[in-house]
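So the structure is just underneath, and the comments pick up after that.
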Amino acid sequence: SVEMDTEKTPTVAAEVTGESKDGAEAFTKVKSKKKNQKRKREQDGVDMDTEESVAIKRPQFPPISGDKLRGPDEMRKIPVPAHRYTPLKENWLKIFTPIVENLQLQVRFNLKTRNVEIKTCKETQEISALTKAADFVKAFILGFQVEDAMALIRLDELFLESFDVTDVKPLKGDHLSRAIGRIAGKGGKTKFTIENVTKTRIVLAETKIHILGSFQNIKMARTAICNLILGSPPSKVYGNIRAVASRTAERF
């Protein structure tokens, strides 16, 4: 047993010394491995798709036709409050004609649910037709004239915005009535002036205010109305909106 131990010990020592001698070499070998990996990565990188190569490879598809885009028929329902029945009845011909003839949609007034229902059909070409028609009917039900609401069908850059007088300032009683009076003006003079200067249409329905126009114009009209609610005299508001309107006219 002693002999066996003596035989084993030198080999172990030799292994240790081998490690200590070749330590530096072993480390360099590891480094060379890393270099090899880097080279491999660089080679792979050459083959990888860069943004430029992707842009070149991007396929060009022709515009898809409306009938292929169309899925199942969609429907929109617009609830009609009791006080808008009579105007809806009187103007029904003016309302359904552009929806059916221009936008190729189906429309009906459901007497049970008291909703105006608009639905797409095979003839519908435009994808945005349903949204345009729904906005048009909604604008009429909020109180806009049919002719004004019709602009939502004809033009793309028109929007509807609604807010409450009490959203701007929590007024009550006579203070609220006076604020609404300031917005309307004597015989609706202030409202008409704001409409003409900002090229928008405004509906005052009790404490609710609805504005129809382009984004920039709605912003101008909203600022003017908010100033009136907060107590600015109309003369000051006129001056401000005229200055803003002339600036925007110069810009475009």
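Given (1) outside the structural domain of N91 (by the TED database); (2) open to solvent by 40 Å² or more (accessible area, probe 1.4 Å); (3) among the hydroxyl-bearing types (S, T, Y), identify the lone condition not met by S128.
(1)
Can you tell me which residue within region 138-172, out of those that are in contact with a strand residue (DSSP E or B) (Cβ under 8 Å, 6 or more places away or on another chain) and β-branched (V, I, T), is farthest from F192 (Cα to Cα)?
Only one residue fits best here, namely I141.
Take the residues of region 226-245 that are of a type in the set (G, A, S) and within 31 Å of the chain's Cα centre (by Cα): which is surrounded by the most Cβ atoms within 10 Å (Cβ to Cβ)?
At the first step, the residues of region 226-245 found to be of a type in the set (G, A, S) are 231-232, 235, 239, 243, 245.
Next, from what is left, pick out any that are within 31 Å of the chain's Cα centre (by Cα): 243, 245.
Working: A243: 10, A245: 16.
Top of the filtered list is A245.
Go through region 94-174 and tell me which strands (runs of 3 or more DSSP E), entirely inside it, have 2 or more residues that are touching a residue at least 40 places away in the same chain (Cβ under 8 Å) and among the hydrophobic types (A, V, I, L, M, F, W, C). Before you say what the answer is, go through the steps one by one.
Values: elements: 106-110, 115-119, 159-164.
Passing ranges, in order: 159-164.
Could you list, in sequence order, the residues of region 81-93 that are surrounded by 12 or more Cβ atoms within 10 Å (Cβ to Cβ) and without any contact (Cβ under 8 Å) to a residue 40 or more places away in the chain?
Residues satisfying the conditions are Y85, W92.
Residues T248, T190, T223: which one is in contact with a Pro (Cβ under 8 Å, 6 or more places away or on another chain) and either surrounded by 13 or more Cβ atoms within 10 Å (Cβ to Cβ) or not in a strand (DSSP E or B) (or both)? So that I can check it myself, show each step before the final result.
Working: T248 fails: in contact with a Pro (Cβ under 8 Å, 6 or more places away or on another chain); T223 fails: in contact with a Pro (Cβ under 8 Å, 6 or more places away or on another chain).
Criteria check complete, one pass: T190.
Among the residues of region 167-187, is any more than 30 Å from P79 (Cα to Cα) and either open to solvent by less than 20 Å² (accessible area, probe 1.4 Å) or touching a Ser or Thr at 6+ places or on another chain (Cβ under 9 Å) (or both)?
Within region 167-187, the first condition is being more than 30 Å from P79 (Cα to Cα), and the residues that meet it are 174-175, 178, 182, 185-187.
Of the ones still in play, those that are also either open to solvent by less than 20 Å² (accessible area, probe 1.4 Å) or touching a Ser or Thr at 6+ places or on another chain (Cβ under 9 Å) (or both) are 182, 185.
Taking every residue of region 167-187 in turn, at least one turns out to be more than 30 Å from P79 (Cα to Cα) and either open to solvent by less than 20 Å² (accessible area, probe 1.4 Å) or touching a Ser or Thr at 6+ places or on another chain (Cβ under 9 Å) (or both).
Consider I218 carefully, then state whether it is under 25 Å from the mean Cα position of the chain (by Cα) and among the aliphatic types (A, V, I, L, M).
On the way: under 25 Å from the mean Cα position of the chain (by Cα): yes; among the aliphatic types (A, V, I, L, M): yes.
Criteria met by I218.
The values are calculated or read from the model by the stated rules, or taken from the named source; none is laboratory data. The model shown is predicted, which means the values in this text are computed figures rather than measured ones. Don't worry about glycine lacking a Cβ; one is built from the backbone with ideal geometry, like all the others, and counts go over all protein chains shown. For the accessible areas, the whole protein counts, side chains as well, though only heavy atoms, and no ligand, DNA or RNA atoms are used. Shrake-Rupley method; radii C 1.70, N 1.55, O 1.52, S 1.80 Å.
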